[in-house]
Structures are given as structure tokens and as C-alpha cells.
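The values are calculated or read from the model by the stated rules, or taken from the named source; none is laboratory data. Note that the structure is predicted; figures quoted are calculated from it, not measured. Don't worry about glycine lacking a Cβ; one is built from the backbone with ideal geometry, like all the others, and counts go over all protein chains shown.
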Amino acid sequence: QVQLVQSGGGLVKAGGSLRLSCVASGRTSVMGWFRQAPGKEREFVAAIMGSGGSTLYTDSVKGRFTISRDNAKNTVYLQMNSLNPEDTAVYYCSARTVLTKVILRRPDAYDYWGQGTQVTVSS
């Protein structure tokens, strides 16, 4: 059993930046971030392989968001720059413990989830 504890998030003006962190209580393979806006399905944002060498982003955040991980601290980060109101959502950290050769975008590919943190971007 792995627990994920998130921190970060909050309210920021358009064009601003925020950083999310997620600490895992055990070893993980792929770690990722998803988000869910009101009335919408949970959507993939970004993910990173266990080695930290491979990442994947959804098109709408490419060039603005950066995912990274510190395996010594069992922590994954999401640096979010140039935020816009469309980025407003609850952001969830996710983790997969089973090894995989590719990063998966489907929520059901991940075994564990953080508690969620609100990110609100005002115009």
C-alpha cells in the first residue's frame, strides 16, 4: 500500500506560476498528475517514468508545465508556469507500482491517488 500526500496549489493570477508536490510512502514506477474541472472528467496532465528519464505531457500544457521527480525523497513535482484560467481544476497526484515500458494516460492505469489540491487561476 502506497500513500500519496500532496502539497502546493492555491490561487494565482493568469500568467503566474505554482508548484505542486507529492510525496509517496513507498516505491513507485510511473508517477503522474491528473486534473478534474467541475463537470468534466478527470484528465491526464503529465507523467514521469521511475528513472525520471521519460516524461509525457498532454498537449495543452506542453512548454508550460514541467514534471520531475526526486527518487531519494520519493517525491514528484509539477512546476506550472504561464497559468491560464483553463488550468483551473483539482489536481491529483497518481502512482503506479507495477513496472511498465510506456507511460499510460488512462486513470485506471494508476493504483494510488493523492487527496487532490485545488488550483484556481483568475483572469
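Per-structure values
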item: Check on Leu20, touching a Gly at 6+ places or on another chain (Cβ under 8 Å), assigned to a strand (DSSP E or B) and within 18 Å of Val121 (Cβ to Cβ); result: yes
item: Criterion (surrounded by 17 or more Cβ atoms within 10 Å (Cβ to Cβ) and in contact (Cβ under 8 Å) with a residue 40 or more places away in the chain) met by exactly one of Val119, Val98; result: Val119
item: Residue match in region 54-63 (condition: at pLDDT 95 or above, under 13 Å from Ser21 (Cα atoms) and hydroxyl-bearing (Ser, Thr, Tyr)); result: no
item: Enumeration of residues in region 49-76 that are surrounded by fewer than 20 Cβ atoms within 10 Å (Cβ to Cβ) and touching a strand residue (DSSP E or B) at 6+ places or on another chain (Cβ under 6 Å); result: Gly52, Thr55, Leu56, Tyr57, Thr58, Thr66, Ser68, Asn74, Thr75
item: Strands (runs of 3 or more DSSP E) contained in region 40-105 and holding at least 2 residues under 18 Å from Gln6 (Cα atoms) and in contact with a Lys or Arg (Cβ under 6 Å, 6 or more places away or on another chain); result: 43-48, 75-80, 89-95
item: Every residue from region 22-48 that is of a type outside the set (Lys, Arg) and surrounded by fewer than 19 Cβ atoms within 10 Å (Cβ to Cβ); result: Val23, Ser25, Gly26, Ser29, Gln36, Ala37, Pro38, Gly39, Glu41, Glu43
item: Criterion: under 10 Å from the mean Cα position of the chain (by Cα) and surrounded by 20 or more Cβ atoms within 10 Å (Cβ to Cβ) - qualifying residue of Tyr110, Tyr92; result: Tyr92
item: Near pairs, Cβ below 7 angstrom, 6+ apart or cross-chain, from region 68-89 (closer than 16 Å to Ser17 by Cβ and without any contact (Cβ under 8 Å) to a residue 24 or more places away in the chain) to any residue that is buried (at least 17 other Cβ atoms within 10 Å of the Cβ) and hydroxyl-bearing (Ser, Thr, Tyr); result: Ser68/Tyr77
item: Subset of region 3-17 (residues that are at pLDDT 95 or above and either of a type in the set (Lys, Arg) or outside any strand (DSSP E or B) (or both)); result: Gln3, Lys13, Ala14, Gly15, Gly16, Ser17
